[in-house]
Amino acid sequence: MKRIQIAFVSAAVLLASAARAESPDQVLITYDATVGSRHISGVSHELEWSATALGPDCVKVQLRIPVESFDSGHPEFDALLRSAAESERHPFIEIEGTARGKNFEGTVSVRGVTRPLRLSLGYVHLDDRLVINAAFPLELAAFGIAIPGAASRLTIDFVGRFPDEPRAVISGGTLSAAP
């Protein structure tokens, strides 16, 4: 758990620094997996999103993360993950729901299987940016996914940096890493 918290704090600091440098909006989505006695982390910098204000403290959120966008630096593991997730048939991990204050309630869909998702959101206002973070476990077996030699649970961390202005909340788009 400490490792995940340290990784999250590091990611938040990097995004906060980028926010002060007036770089474009960013998103960092990572996973941490146990494979045998090793830990493998993967990262995706791609995200399709939309957010629609439903009230002063309520936002409808839709996220689509390409399965193929995750990279751990271990090509064999990445291939196993993509195959197990049937990324050719189900190319996106999809999250939909409603954010009210610091709570999110909705669903997560992986490999064509949809499960409920409830989590706490963290956020901080930095200059003209809003940095949002969330972390949650993902039980692969609940989505019919098994990766030989890997534990059934991944930990997903999300950190995003967006414009902190009311008009920006009613929008959408695609965020990806700069080359």
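Things worth noting here:
- Distant-in-sequence amide contacts of Arg153, defined by a placed amide H-H separation under 5 Å and a gap of 5 or more residues or a different chain, comprise Leu140.
- The distance between label points at Val35 and Glu68 comes to 2.0 nm (points 7 Å beyond Cα on the Cα→Cβ vector).
- In a DSSP loop and with at most 13 other Cβ atoms within 10 Å, the GluC sites (Glu not before Pro) in the stretch 77-157 are Glu88.
- Counting charges near Gly106 (Lys, Arg +1; Asp, Glu -1) among other residues having Cβ under 12 Å from its Cβ returns a value of +1.
- Applying 1/(1 + (r/R0)^6) with r as the Cβ-Cβ distance of Glu76 and Glu46 and R0 = 25 angstrom yields a FRET efficiency of 0.70.
- Residue by residue, the stretch 36-49 carries 3J(HN,Hα) couplings of x, 9, 9, 10, 10, 10, x, 9, 10, 10, 10, 7, 9, 8 Hz when phi is fed to the Karplus relation 6.51 cos²θ - 1.76 cosθ + 1.60 (θ = phi - 60°); x denotes Gly or Pro.
A short reminder: the numbers here are calculations on the coordinates, not readings from a lab. Fair warning: this is a prediction, and the values are worked out from it, not measured in the lab. Note that each Cβ is placed from the backbone with ideal geometry, even for glycine, and that neighbours are counted across all protein chains shown.
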